[in-house]
Structures are given as structure tokens and as C-alpha cells.
Amino acid sequence: MSHSAKRNLKGNICKALVYGSAILTVAILVGILGYIFVRGLPHISWQLLSTKPSIIRNTVGILPNILNTLYMIVLTLLIALPLGVGAAIYLTEYATSKRFIAIVEFTTETLAGIPSIIYGLVGMLVFVQVLGLGVSLLSGSLTLVIMILPTIIRTTQESLKTVPAGYREGALGLGATKWYMIRTIILPSCLSGIITGCILAVGRIVGESAALLFTAGSATVIASNIIDAYSRGGGTLSVALYIYASERGEFEVAFAIAAILLILVFLINMATRFAQKSLNGKEQVK
Amino acid sequence: MKLKQRIEQIMNLVFFVCGMVSIAAVALITVYMVWAGLPAILKIGPVDFLLGTVWKSTASEPEFGILPFIMTSVWGMFGALLLGVPVGVFTAVFLSKLAPPKVAAAVRPAVELLAGIPSVVYGLIGMIVLVPAVMDIFGLKSGSCLLSAILVLTIMVLPNIISVSETALRAVPKEYEEASLGLGATWIETVFKVSIPAAKSGIVAGIVLGAGRAVGEAMAVMMVAGNVANMPGLFKSVRFLTTAVASEMSYAADGSLQKQALFSIGLVLFVFIMFINWALHAFLKRGEDR
């Protein structure tokens, strides 16, 4: 074989590997989506969505799990959002020590790398046992707060960095105090970054199971009021999927929940893209 | 004026406290993992605990050896990387260097979607599709084995490897590639001999990130690995460090040596992950410095 023919062959083999891998990746995704939707969508019914499980009628409903997921998202974001945005503001606007910033960024990175089962263990020790909150949505939420902090800190920080220095100098030059400047200039201009962080965090909360199994449990009771809801244990949709699939063998319900989760993930991804696009659009205007 | 200054000081403090939260969280997690995990290790003996090959936590004469879990996690990690790295890196090459912009714009969201799928959904698919398939193809009694877990983990680490590698490949300076093309190399040769080596540390960071995810994953592997404390074998039912914790935690009695030992397994897992994190940090830093 001539040298150039060999070269051609090598190039083609590499190309085949690259194209083959890309096709395989897409095929895996399409296969998963297709399979879940085909097996799951037919089992989504109004009765499934709007009732709680009943032994007497022998029916399964996931309304409690839907409510628990919503409760979990609301409380977790309510706590994590101010903390995360505050941390990002401190890092970009206040902190002067490079060393301190590096330490905070390193710990944030570390938090992002800790697997959810470890969060589950620590949440169980600290919130459930030491602080005596019991297996409850509150314990689950507090555990998730630590888990999603890195996401919110990072996205807020990224968007704070895109706020032009001129904005800050202009405001301070006109005699605004630092807090006034942050409140009226900085926060509004990094809003889309904060929203992106929120959406990503919601995605993680919706998909989480290992950290919640030991902190919030898997109960399926509908609480009568807000305080009752947070002081009681309850399973989110992902936890319910695990319980129905592994412990009860109710695969129809499991696939229905999986289909709902995939639809949610899809919506969350679209929303993230939309938020990021509006962020980039604004940057170009500047 | 006084009030304004007071508010300034208070807000300064508030933001400082927020800044401290992640440091406090890491400190809290580290302290509690050590505090909860160390007693059982000392009671059982570090050598017996880490190198013991028999785990019988509920027997009348219990034995707590976690070498099977450690080895399974290591095998699972390397297995997933062995399969996931080539596919992931080549897909990243496709997205950053070879795909027409329109195709890349369609494939990239697909990869993001893959990253967003909850691990229990992967577990469910593994349980219903993969486990029976592995059983049929290899003629096993049960398909719940290390191989099934590795296949599920492979799919789960793919998006991590792809997105980090793609970012690294995109950051390769145009001049490197142009110089190579100018010397008469074809585009595909340039990509493989210039772009990939130049993006090496970023690609390695992606692989390390994938390794972290593979070691830390609990629910998906719990649904497909069979959950028996065997020393690892490709077709044997196995337990990972993560699933060893998760599977007995719900019924271990408070204060029992069994429960303490579960926390010790958590501590071992934590040490593994911290090591991987540190490696990741080092590789990312090296990528940035260049």
C-alpha cells in the first residue's frame, strides 16, 4: 500500500470512530427517551395525577409525591437563593483577599463534587438526629440547600462578572453607597444569571433521590397545612420512582413517573437555554 | 447619615456570612463524616475493616470486611471509563471539530438532556432493558451483575466527559491548527495529532469528573447490580461502596456496630471522592495555566 493510501485509510478510520461515537451517543439518548415515553405515557392518567395511593380501592396515585416535590423546590430555593447569591456578591463585590476567594471557590468546587449519598448521610446525622428535625421535608430541604449552593453561587458569579465595571464606578461616583449600588444596579443586571442558577437547581432537586431517601423518607400522605407538610416525611417523584420500581415492582407507575420526570427535565433544559440566550443577548447590547 | 453607615456595615457582614457558608458546609461534612465513621473502624480494626473480604453485618458473629465494596467501586469506575472515555472524547471531537454547525446545535442539547436525566430513570431502564439483555446474551441465571452496572455507569459518565472535553477542544488556539494545516496535514490528522494533545489536560479533567460521578452514583447501580457482597467479577452480583451504605441504612438499628460501620463505609467513600476532587482541581488548574 502506498504511503498516501495508508494516510487516507488512517484518516478514514479516525473519522469513522468520531462519527460512530457521536451517532452512538445520540442513539442512546433517543433509545432512552423513546422507551420511557412508549412505556410511560399510556399509564399517565388523571386518576394517577390527582389521587393518593389507596389500599381499599387498590389504586395508585402520585399526587402526594407531586406536592412533596413542589414543597421541596419552594423551601430549598427560598433558603439557598439568598445564601448563594449573597456568597457570589461577597466574592465579586466585597472580598479583597485573593486567598480567601480561592478558598471559598475551592470549597464550592468540593461541594459540587460530593456525591448525593454522602449528603444523605450527613443530612441524616445533622438535621434528622442532632438538630432533632426528624425524617421530614424540612430535613430534606436543608440537605438539598447545601447540595445546590455551588450551582447557584457559580452561575451568579459568572453573570456578576459580565456586569461592566463602568456601571459600578458610575454609581459609586454619583455618591451611591455600596449596598445601594448592589441593590439597584448589580442585582438587576445579573438577574438572568440568577434565574439560570435557579432553573439548574430545580433540575437537581427534581432528579435527586439518594440524598432524600434518609432525610425526607418516602411517605405518601397529603398534609393538611404548610407546617404539617414540612414537619412530616414525604417522598418526591424521584424517590417514589425508586420505591415503585425496586421495592413494589409496580413498573407501570414507575414508567409513568419516569415519563413525567423526563418531560420536566426537557422543560428545564429549554428554560435554561432561554435564560442563557437572554443573558447573552444583553451582553451584546452592552 | 449614621443610619446609612450602619446599614452598610450590616450588609457587609451579611454578605460575609453568606460567603462563609460553603466553607462551613465543607467543614461540617468533613467533621461529621470523620466523627461518625471513625469509631467503627477503630473498633473493628483498620486492617480487618479495609482488607477483610467477608461482610456479614447481620450474622450472629458479624464480620465487617469492606474490600469487596472497595474493589467493586474501583472496577466499576475503571469499567465505565474504559467504555465511556473513547465514546465521550470522540463525540466531543465531533461536536467541536467535525460537525456542521447545525448538526452540532442539535446534538449538544441532546448531550445536556442526557446529563439532566435523573439517576433513578437510568436505574429503571437498566433494570427493565439492560439486566434481561445481559442475562440472555451471556446465558446467566441473573443479569443483575457488575457488567450491567458498568454499562449504566458508562452512559451516566458520558455527558460529563463530552461537555468538559468539548470546552477544552474549543479552547485550542486556532494558530496551532492552522500551522498544522499549513504544513500539509489533513484536517482529521490535525485534530488527532494537534488539537487533542493540546487539549489534554482539559480532557483528563473531564475523565476525572466522570470518575467522580461513577464512584459516587448510588441509586442507579443499586437497581442493577444485584446487591450481594461478593468480591467483584464481571458476571457476579456485587455491592458498591455507595450501595453498601444505601441498602442497609434503612434497617440498621441506631447505635449498633452495623450502623456505625455503614458510616465508616461512607467515610471511605468520602476519602475516595476528596482524592478525586483534588485531582480534578489540579488538572483544571493546569489547563487554565496554559
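The values are calculated or read from the model by the stated rules, or taken from the named source; none is laboratory data. All values derive from a computational prediction rather than experimental measurement. Heads up, the Cβs are rebuilt from the backbone with ideal geometry, glycines too, and the neighbour counts pull from every protein chain shown. Surface accessibility is based on the protein's heavy atoms, side chains included, excluding ligands, DNA and RNA. Shrake-Rupley method; radii C 1.70, N 1.55, O 1.52, S 1.80 Å.
What the table below lists for this structure:
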{"item": "Meets criteria (assigned to a helix (DSSP H, G or I), within 10 Å of chain B (Cβ to nearest Cβ) and surrounded by fewer than 23 Cβ atoms within 10 Å (Cβ to Cβ)) for A:Phe266", "result": "yes"}
{"item": "Number of positions in segment B:37-55 that are within 14 Å of chain A (Cβ to nearest Cβ), among the aliphatic types (A, V, I, L, M) and out of contact with any Lys or Arg (no Cβ under 9 Å at 6 or more places or on another chain)", "result": "1"}
{"item": "Of all residues in segment A:188-217 being open to solvent by 50 Å² or more (accessible area, probe 1.4 Å) and within 14 Å of chain B (Cβ to nearest Cβ), the one that is nearest to B:Ser247 (Cα to Cα)", "result": "A:Arg204"}
{"item": "Set A:Arg273, A:Arg232: member being touching a helix residue (DSSP H, G or I) at 6+ places or on another chain (Cβ under 8 Å) and closer than 17 Å to A:Thr76 by Cβ", "result": "A:Arg232"}
{"item": "Pair list, Cβ under 9 Å, 6 or more apart: segment A:245-264 residue at negative phi and at pLDDT 90 or above, other residue of a type in the set (Lys, Arg) and surrounded by fewer than 21 Cβ atoms within 10 Å (Cβ to Cβ)", "result": "A:Ala254/A:Arg248; A:Phe255/A:Arg39; A:Ala256/A:Arg39; A:Ala258/A:Arg39; A:Ala259/A:Arg39"}
{"item": "Answer from B:Thr167, B:Thr190 - the residue that is free of Cβ contacts under 8 Å to residues at least 40 places away in the same chain and within 13 Å of chain A (Cβ to nearest Cβ)", "result": "B:Thr190"}
{"item": "Test for A:Leu63: is it touching a residue at least 40 places away in the same chain (Cβ under 8 Å) and farther than 24 Å from A:Leu212 by Cβ", "result": "no"}
{"item": "Candidates A:Pro53, A:Pro82, A:Pro42, filtered to the one that is out of contact with any helix residue (DSSP H, G or I) (no Cβ under 7 Å at 6 or more places or on another chain) and in contact (Cβ under 8 Å) with a residue 24 or more places away in the chain", "result": "A:Pro53"}
{"item": "Top-ranked residue in segment A:148-167 [being open to solvent by 10 Å² or more (accessible area, probe 1.4 Å) and either within 12 Å of chain B (Cβ to nearest Cβ) or in contact (Cβ under 8 Å) with a residue 40 or more places away in the chain (or both); ranked as nearest to A:Asn65 (Cα to Cα)]", "result": "A:Thr151"}
{"item": "Of the criteria (1) open to solvent by 10 Å² or more (accessible area, probe 1.4 Å); (2) modelled with pLDDT of 90 or more; (3) within 13 Å of another protein chain (Cβ to nearest Cβ), which one B:Leu183 fails", "result": "(3)"}
{"item": "Test set (1) under 30 Å from B:Phe263 (Cα atoms); (2) of a type in the set (Ser, Thr, Tyr); (3) within 23 Å of the chain's Cα centre (by Cα) - A:Thr272 fails condition number", "result": "(1)"}
{"item": "Qualifying position, being at the interface with another protein chain (Cβ under 9 Å from one of its Cβ atoms), more than 23 Å from the chain's Cα centre (by Cα) and open to solvent by less than 40 Å² (accessible area, probe 1.4 Å), among A:Ile182, A:Ile257", "result": "A:Ile182"}
{"item": "Matching helices (runs of 4 or more DSSP H) fully within segment A:28-147 where at least 2 residues are touching a Ser or Thr at 6+ places or on another chain (Cβ under 7 Å) and within 11 Å of chain B (Cβ to nearest Cβ)", "result": "A:63-89, A:98-113, A:116-123"}
{"item": "Some residue of segment A:97-104 being under 25 Å from A:Arg183 (Cβ atoms) and basic (Lys, Arg)", "result": "no"}
{"item": "Positions within segment B:240-290 being in contact with a Ser or Thr (Cβ under 8 Å, 6 or more places away or on another chain) and not in a helix (DSSP H, G or I), in sequence order", "result": "B:Phe240, B:Ala252, B:Arg290"}
{"item": "Unique residue being within 8 Å of another protein chain (Cβ to nearest Cβ) and either assigned to a loop (DSSP other than H, G, I, E, B) or open to solvent by 30 Å² or more (accessible area, probe 1.4 Å) (or both) when the list is B:Val34, B:Val21", "result": "B:Val21"}
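Condition check ((1) open to solvent by 30 Å² or more (accessible area, probe 1.4 Å); (2) modelled with pLDDT of 90 or more; (3) within 11 Å of chain A (Cβ to nearest Cβ)) across all residues:
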| site | (1), (2), (3) |
| --- | --- |
| B:Leu95 | no, yes, yes |
| B:Val103 | yes, yes, yes |
| B:Pro118 | no, yes, yes |
| B:Gly126 | no, yes, yes |
| B:Ser142 | yes, no, no |
| B:Ile150 | no, yes, no |
| B:Thr154 | no, yes, yes |
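So that you can scan it fast, the table gives a plain yes or no per residue for (1) over 11 Å from B:Ala261 (Cα atoms); (2) surrounded by fewer than 17 Cβ atoms within 10 Å (Cβ to Cβ); (3) touching a residue at least 60 places away in the same chain (Cβ under 8 Å):
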residue	(1), (2), (3)
B:Pro39	no, yes, yes
B:Lys43	no, yes, yes
B:Phe49	no, no, yes
B:Thr58	yes, yes, yes
B:Ile66	no, no, yes
B:Phe69	yes, no, yes
B:Gly76	yes, no, yes
B:Ala80	yes, no, yes
B:Val85	yes, no, yes
